[in-house]
C-alpha cells in the first residue's frame, strides 16, 4: 500500500516537472491543435467527407481529423515525452540518485504513467473544446457514445 501512496505523490511531482518544461508542453499540447486547424481550414471549401452525390450528409473535414489528432496527441504525450524524460533522467544521473533512495521502482512508474494519463486527458479536453467552438464539430450527446470514446 505504501508503494501505491508514494506513486500517487510521485504523479504530482512528475506533473510539476512536466509543466515546468515550457517547450515540451507547448509542442505536446499545441501540435494537435495546430494540425487540426491547418487541415480544417485547408479543406473547408471542399464538400463533406462521406457526402451523398447531391452534396447532403457526411461530416466536415474538421470532424474527420479530430480522432486522428486525439491519437497523435496521446502518442506525443505517452511515447515521446515519456521516452525523452526517462532518457534525460538517465543521462543527468537522476535515475541513479533515485536508485539510492527508498522510493520503490513501481512508485516511480506509477508517477510516470499518471503524468501521461493526466496530461493526455487535459490535451484531449483542450482539443475537443477547440474543435467544438472553433470549427463547429458536433460532439456526441449520448452517454454511451462518450463511454465508447473514453474506452477507446
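At-a-glance table
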| item | result |
| --- | --- |
| Count - residues of region 95-112 that are in contact (Cβ under 8 Å) with a residue 40 or more places away in the chain and closer than 16 Å to residue 82 by Cα | 7 |
| Residue within region 135-152 that is within 30 Å of residue 7 (Cβ to Cβ) and surrounded by 13 or more Cβ atoms within 10 Å (Cβ to Cβ) present | yes |
| Some residue of region 5-17 being in contact with a strand residue (DSSP E or B) (Cβ under 9 Å, 6 or more places away or on another chain), surrounded by 11 or more Cβ atoms within 10 Å (Cβ to Cβ) and touching a residue at least 12 places away in the same chain (Cβ under 8 Å) | no |
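Residues checked against (1) more than 21 Å from residue 135 (Cα to Cα); (2) surrounded by fewer than 15 Cβ atoms within 10 Å (Cβ to Cβ):
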{"residue": "20", "(1), (2)": "yes, yes"}
{"residue": "23", "(1), (2)": "yes, yes"}
{"residue": "28", "(1), (2)": "no, no"}
{"residue": "33", "(1), (2)": "no, no"}
{"residue": "36", "(1), (2)": "no, no"}
{"residue": "40", "(1), (2)": "no, no"}
{"residue": "54", "(1), (2)": "yes, yes"}
{"residue": "57", "(1), (2)": "no, yes"}
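Only the coordinates and a few stated rules stand behind these numbers; no lab work does. Please read these numbers as outputs of a predicted model, since none were measured by experiment. We place every Cβ from the backbone using ideal geometry, glycine too, and count neighbours over all the protein chains shown.
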